Amino acid sequence: MIGIGINVQRIQRWMTAVVFGPAAPAGVIIFTLIQIAVDEGRRLLRTWKVEHVPERDDFQDLVDAIDGEASEDANQMGLGTQHYVLMARDSEGHELGSLSLRYLPNQLLPGEPGAAIDSEPQSSFHSYK
C-alpha cells in the first residue's frame with residue numbers, strides 16, 4: 001500500500017492523543033473506521049472497543065489492525081484513491097475526534113496510469129450524531 005508507513009504514523013499519533021492524552025475519557029473508547037464513498041455515502045468497515053488503557057504492544061496491534069483493515073478494503077475497491085474516516089467516541093456516544101485517511105491500492109505506484117484517479121473524491125464530513 002502506497003503511503004502505508006505514513007498512514008500508520010498518522011493513526012498512531014492521533015490515537016495516542018485520544019487514548020493517552022490529557023483529555024482522554026476515563027471509560028470506554030470506541031473507534032470506528034468508515035469508508036467515504038463518492039456519493040457522500042458512508043460504509044462502516046469495523047468498530048474497535050478499548051475498555052482500558054492498553055499496553056504498548058496491544059496499542060500497536062490495534063493501530064496495525066485499523067491500518068490493515070483500511071488497506072485491505074482499498075485493495076478490494078480497485079483503482080483510485082480510497083477515503084476513510086477513523087472516528088473516536090466515548091461510551092456515551094460523544095465524539096472525541098476523527099482522522100481522515102487516504103489509501104491507494106498496492107498495484108499502483110504514483111505516476112502510473114490510474115494512480116491519479118480519485119475514485120472516491122474528497123467529500124464533506126458530517127457528524128453521525
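Among the listed residues I30, I11, I34, identify the single one that is hydrophobic (A, V, I, L, M, F, W, C), in a helix (DSSP H, G or I) and under 22 Å from D90 (Cβ atoms). None of the others qualify; the one that does is I11. Residue count for region 78-113 satisfying the condition of being modelled with pLDDT under 70 and either in a strand (DSSP E or B) or surrounded by 14 or more Cβ atoms within 10 Å (Cβ to Cβ) (or both): 1. Taken together, R42, R56 contain a single residue that is touching a strand residue (DSSP E or B) at 6+ places or on another chain (Cβ under 9 Å) and among the basic types (K, R), which is R42. Can you name every residue in region 1-50 that is within 18 Å of Y103 (Cβ to Cβ) and in contact with a Gly (Cβ under 8 Å, 6 or more places away or on another chain)? The answer is W14, and nothing else.
Inside region 37-77, residues that are more than 23 Å from F20 (Cβ to Cβ), in a loop (DSSP other than H, G, I, E, B) and touching a residue at least 12 places away in the same chain (Cβ under 8 Å) make up a count of 3.
The values are calculated or read from the model by the stated rules, or taken from the named source; none is laboratory data. It should be emphasised that the depicted structure is a prediction, and the values quoted were computed from it without experimental measurement. Every residue, glycine as well, gets a Cβ built from its backbone with ideal geometry; the counts of neighbours run over all protein chains shown.
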